[in-house]
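Novice: Below is a structure I'd like to ask you about.
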Amino acid sequence: LHGKGGMGERKFLISLMTTNVTRFFREGHHFDALGKRILPELLRKACRGEPIRIWSAACSTGEEPYSIAMTIADKVEGYSRRNIHVLGTDIDRMALRKARAAEYFEPAQAGVPGNFIARFFEKNQENGSTYRLRPEIRNLVEWRELNLIAPWPRLDPFDVIFCRNVAIYFDAESQARLWKRLAEGLKPHGTLFVGHSERISAANELGLRYAGPTQYQRLGS
């Protein structure tokens, strides 16, 4: 596929082939760790004026980064005044378009706690069947198209990276390369969350330590 038309067809083909299985607050223990263990420490840094940066890689249609944003809104007082950034990336341009729209059917069935629906969603008054995240949650997240196995643009280091249930689709060499790049993309003491069926066998060699079920922390410098 060549030329502008071919590029568009290629993106459409990628969208058709991409597995976009996701839900809000999937693997809830990760969000418990984020809210109870990680964010309180990061808040101390934020109070000193340091930025908080969180990356949701292979974020599909946005449920994961919005779950991160809702956790921040729930746990960090005055979060809108803090220097907090959530980056959501995916290879699938159509999925990212849905993520930016932030409109979902039946959030309760998709894993959102009832009190979060009342706080963070607005019912679509036009069709009555969808809910949209409120602007203060949408504004926490920035979206970019990114292929995890291709060259990456320059990214500033992150305090937390979610890269879950995607490496299982890669061969062993691509997995090892991805884990290395993600480890290098963490700040000292930053946390990497991986999927429930994923393990980083050479974590110590990458400067990571086991920090809980499917959680790894970068060693300090």
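Novice: Just to be sure I understand, how many residues within the stretch 154-186 are touching a residue at least 60 places away in the same chain (Cβ under 8 Å), in contact with a strand residue (DSSP E or B) (Cβ under 7 Å, 6 or more places away or on another chain) and more than 14 Å from His30 (Cα to Cα)?
Specialist: Residues in the stretch 154-186 being touching a residue at least 60 places away in the same chain (Cβ under 8 Å), in contact with a strand residue (DSSP E or B) (Cβ under 7 Å, 6 or more places away or on another chain) and more than 14 Å from His30 (Cα to Cα): 6 in total.
Novice: Is it the case, given these coordinates, that His29 is closer than 18 Å to His196 by Cα, surrounded by fewer than 17 Cβ atoms within 10 Å (Cβ to Cβ), at pLDDT 90 or above and not polar (S, T, N, Q)?
Specialist: Values: closer than 18 Å to His196 by Cα: yes; surrounded by fewer than 17 Cβ atoms within 10 Å (Cβ to Cβ): yes; at pLDDT 90 or above: yes; not polar (S, T, N, Q): yes.
Yes, satisfied.
A quick yes/no check of all residues on (1) of a type outside the set (Gly, Ala, Ser); (2) out of contact with any helix residue (DSSP H, G or I) (no Cβ under 8 Å at 6 or more places or on another chain); (3) closer than 21 Å to Pro113 by Cβ; (4) in a helix (DSSP H, G or I):
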position: Pro40; (1), (2), (3), (4): yes, no, yes, yes
position: Arg44; (1), (2), (3), (4): yes, yes, no, yes
position: Arg53; (1), (2), (3), (4): yes, yes, no, no
position: Thr61; (1), (2), (3), (4): yes, no, yes, no
position: Pro65; (1), (2), (3), (4): yes, no, yes, yes
position: Ile68; (1), (2), (3), (4): yes, no, yes, yes
position: Asp74; (1), (2), (3), (4): yes, no, yes, yes
position: Glu77; (1), (2), (3), (4): yes, yes, yes, no
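Novice: Being more than 17 Å from Gly190 (Cβ to Cβ), part of a helix (DSSP H, G or I) and of a type in the set (Val, Ile, Thr) is the requirement here; does Ile117 meet it? Steps first, please.
Specialist: On the way: more than 17 Å from Gly190 (Cβ to Cβ): yes; part of a helix (DSSP H, G or I): yes; of a type in the set (Val, Ile, Thr): yes.
Yes; evaluated as a whole, the condition is true for this residue.
Novice: Further, regarding this structure: If you scan the stretch 169-196, which residues turn out to be over 17 Å from the mean Cα position of the chain (by Cα) and closer than 20 Å to Leu34 by Cβ?
Specialist: Pro188, His189
Novice: Are there any pairs with C-beta distances below 8 angstrom linking a residue in the stretch 50-67 that is over 18 Å from Gly195 (Cβ atoms) to a residue that is of a type in the set (D, E, K, R) and assigned to a loop (DSSP other than H, G, I, E, B), with the two at least 6 apart or on different chains, and if so which?
Specialist: Matching pairs, first to second residue: Ile52/Arg82; Arg53/Asp156.
Novice: A further question follows. Search the stretch 76-91 for residues being at pLDDT 95 or above and not hydrophobic (A, V, I, L, M, F, W, C), and hand back the single one that is surrounded by the fewest Cβ atoms within 10 Å (Cβ to Cβ).
Specialist: Looking at the filtered set, the residue picked out is His85.
Novice: Considering only residues of the stretch 118-129 that are surrounded by fewer than 17 Cβ atoms within 10 Å (Cβ to Cβ) and touching a strand residue (DSSP E or B) at 6+ places or on another chain (Cβ under 9 Å), which is farthest from Val76 (Cα to Cα)?
Specialist: If we filter the stretch 118-129 for residues that are surrounded by fewer than 17 Cβ atoms within 10 Å (Cβ to Cβ), which is where we start, we get 118-119, 122-129.
Subsequent filtering for residues that are touching a strand residue (DSSP E or B) at 6+ places or on another chain (Cβ under 9 Å) retains 122-124, 129.
On the way: Glu122: 21, Lys123: 25, Asn124: 27, Ser129: 31 Å.
Per the criteria, the residue is Ser129.
Novice: Do we have any residue at all in the stretch 39-58 that's on the phi > 0 side of the Ramachandran plot, aromatic (Phe, Trp, Tyr) and at pLDDT 95 or above? Show your work before the answer.
Specialist: Restricting attention to the stretch 39-58, the residues satisfying the condition of being on the phi > 0 side of the Ramachandran plot are 49, 58.
Applying the additional criterion that residues be aromatic (Phe, Trp, Tyr) yields none.
Scanning the stretch 39-58, I find no residue that is on the phi > 0 side of the Ramachandran plot, aromatic (Phe, Trp, Tyr) and at pLDDT 95 or above, so the answer is no.
Novice: Please work out which one of (1) in contact with a Lys or Arg (Cβ under 9 Å, 6 or more places away or on another chain); (2) surrounded by 13 or more Cβ atoms within 10 Å (Cβ to Cβ) is the condition Phe162 fails and give its number.
Specialist: (1)
Novice: Can you tell me how many residues in the stretch 179-209 are closer than 23 Å to Pro40 by Cβ, of a type outside the set (Lys, Arg) and open to solvent by 10 Å² or more (accessible area, probe 1.4 Å)? Please lay out each step first, then the result.
Specialist: Within the stretch 179-209, the first condition is being closer than 23 Å to Pro40 by Cβ, and the residues that meet it are 185-194, 208-209.
Retained after the next criterion (residues that are of a type outside the set (Lys, Arg)): 185-186, 188-194, 208.
Narrowing the set further to residues that are open to solvent by 10 Å² or more (accessible area, probe 1.4 Å) leaves 185, 188-189.
Going through the stretch 179-209 one residue at a time, the tally reaches 3.
Novice: Right, here's the next one. Provide a single number: the residues in the stretch 95-110 that are at pLDDT 95 or above and in contact with a Lys or Arg (Cβ under 9 Å, 6 or more places away or on another chain).
Specialist: 6
Novice: Scan Ala102, Ala176, Ala167 and give me the residue that is among the hydrophobic types (A, V, I, L, M, F, W, C), at positive phi and surrounded by 14 or more Cβ atoms within 10 Å (Cβ to Cβ). Show your work before the answer.
Specialist: Working: Ala176 fails: at positive phi; Ala167 fails: at positive phi.
Exactly one residue qualifies, and that residue is Ala102.
The values are calculated or read from the model by the stated rules, or taken from the named source; none is laboratory data. On a predicted model such as this, the values are computed, not experimentally measured, just so you know. Using ideal geometry, Cβ is built from the backbone for each residue, glycine included, and neighbour counts are taken over all protein chains shown. Side chains included, ligands, DNA and RNA excluded: accessible areas come from the protein's heavy atoms. Shrake-Rupley method; radii C 1.70, N 1.55, O 1.52, S 1.80 Å.
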